[in-house]
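Peer 1: Please read through the structure below; I'll follow up with questions.
The values are calculated or read from the model by the stated rules, or taken from the named source; none is laboratory data. Bear in mind the structure is a predicted one, so any value in this text is a computation, not a measurement. Ideal geometry is used to build each Cβ from the backbone, glycine not excepted, and the neighbour counts take in all protein chains shown. Ligands, DNA and RNA are excluded from the accessible area calculation, which covers all protein heavy atoms including side chains. Shrake-Rupley method; radii C 1.70, N 1.55, O 1.52, S 1.80 Å.
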Amino acid sequence: MWWLLALVCLTASGAGGTPCEEARMRCAYRAGCGAALNNYMYLCNEVLTKPISSCPNECGHALIALTSTEEGKELMNCQCEDEYCLEAKQRIDVCRPLVMRGAANATASCRLSQLICLADAQCATALRYYKELCRSVYRGRKCSNKCLNSIQILRKQEKAAALQACHCDGNEDYDCPKMQNNLARLCFHKHSKNLTNNYQRGYEERHKKHHPQVVSSASSVTTFSALFILCTFFMIKQNT
């Protein structure tokens with residue numbers, strides 16, 4: 001359980017930075033950054049709990065989303081104050097190459113594009129309405145006026161830019177090619193060039209593995225309140 005105290009300090013800098021606990025709290029209680037931090041804690045669990053030679057895609061994506069927020073950037077440059085924080089930084093360093101590549105091309109993965117949107121409170125809200133109002137599109141039925149309106153609102157969000165041109169790679173927690181094809185056909189009266197039979201079969205093979213659910217902004221503050229209590233209790237026990 002020690003890594004719960006240090007997992008936010010993955011790229012801590014030297015002296016002069018904000019203390020990591022202070023930076024963590026600032027991020028945790030901001031809706032967008034709190035959701036991104038919660039996703040990082042969940043999706044990078046394997047990296048933070050045992051030595052590994054390569055960074056899982058989902059962890060790298062969570063890190064990119066976290067650093068897309070102002071509070072997340074501060075968190076990445078925070079100052080470690082104990083050995084647990086420093087150890088977490090060393091463990092997560094394996095993800096550095098993946099993060100640098102992914103940050104330069106956010107449209108390479110629709111899952112990454114979604115995580116970046118969820119790290120922004122306004123974009124996350126727009127995405128939530130889009131998912132609720134466009135269910136009939138996913139089912140291949142129709143594109144309602146409410147759905148079209150939610151798409152237009154989502155497109156106006158700065159952090160949703162990558163979603164408009166993202167590529168399905170099998171790491172999404174939904175049938176990405178099907179949704180893109182239905183959107184093009186039902187809402188914009190176009191036919192997606194991505195959805196061929198061979199592509200669909202290949203996507204389905206990649207999509208067979210388990211895809212953990214990401215956290216939206218709405219639930220992040222409650223989750224972090226509970227984690228803060230757990231971490232405080234652990235630190236008290238360590239000092240007694």
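Peer 1: Could you list all residues from the range 121-142 that are open to solvent by 30 Å² or more (accessible area, probe 1.4 Å) and among the hydrophobic types (A, V, I, L, M, F, W, C)?
Peer 2: ALA121, LEU133
Peer 1: In the range 56-91, how many residues are of a type outside the set (Lys, Arg) and under 16 Å from the mean Cα position of the chain (by Cα)?
Peer 2: Total meeting the criteria: 19.
Peer 1: Still on this structure, I have one more. Is it the case, given these coordinates, that ILE116 is outside the structural domain of CYS187 (by the TED database) and modelled with pLDDT of 90 or more?
Peer 2: Here the answer is yes, as ILE116 does meet what is asked.
Peer 1: Here's something else I'd like to know. From LEU37, LEU66, LEU48, which residue is open to solvent by less than 30 Å² (accessible area, probe 1.4 Å) and more than 16 Å from ALA23 (Cβ to Cβ)?
Peer 2: LEU48
Peer 1: Okay, next question. Against the definition (outside the structural domain of CYS33 (by the TED database), open to solvent by 50 Å² or more (accessible area, probe 1.4 Å) and touching a residue at least 24 places away in the same chain (Cβ under 8 Å)), how does LYS146 come out, yes or no?
Peer 2: no
Peer 1: Can you name every residue in the range 51-63 that is under 28 Å from LYS159 (Cα atoms) and open to solvent by less than 60 Å² (accessible area, probe 1.4 Å)?
Peer 2: Selection gives CYS55, PRO56, CYS59, GLY60, HIS61, ALA62, LEU63.
Peer 1: Being on the phi > 0 side of the Ramachandran plot and at pLDDT below 95: is that true of GLY202 here?
Peer 2: No: the conditions fail for GLY202.
Peer 1: Now a separate question. Limited to the range 164-180, what total is found for residues that are part of a helix (DSSP H, G or I) and open to solvent by 40 Å² or more (accessible area, probe 1.4 Å)?
Peer 2: 4
Peer 1: Right, another one. Would you confirm whether any residue within the range 4-22 is part of a loop (DSSP other than H, G, I, E, B), modelled with pLDDT of 85 or more and either buried (at least 18 other Cβ atoms within 10 Å of the Cβ) or touching a Phe, Trp or Tyr at 6+ places or on another chain (Cβ under 9 Å) (or both)?
Peer 2: no
Peer 1: Find all pairs meeting these conditions: Cβ atoms under 6 angstrom apart; at least six residues apart or on different chains; first residue within the range 35-56 and not assigned by the TED database to the domain that holds SER68; second residue of a type outside the set (Lys, Arg).
Peer 2: Going by the 6 Å Cβ cut-off, there are no qualifying pairs.
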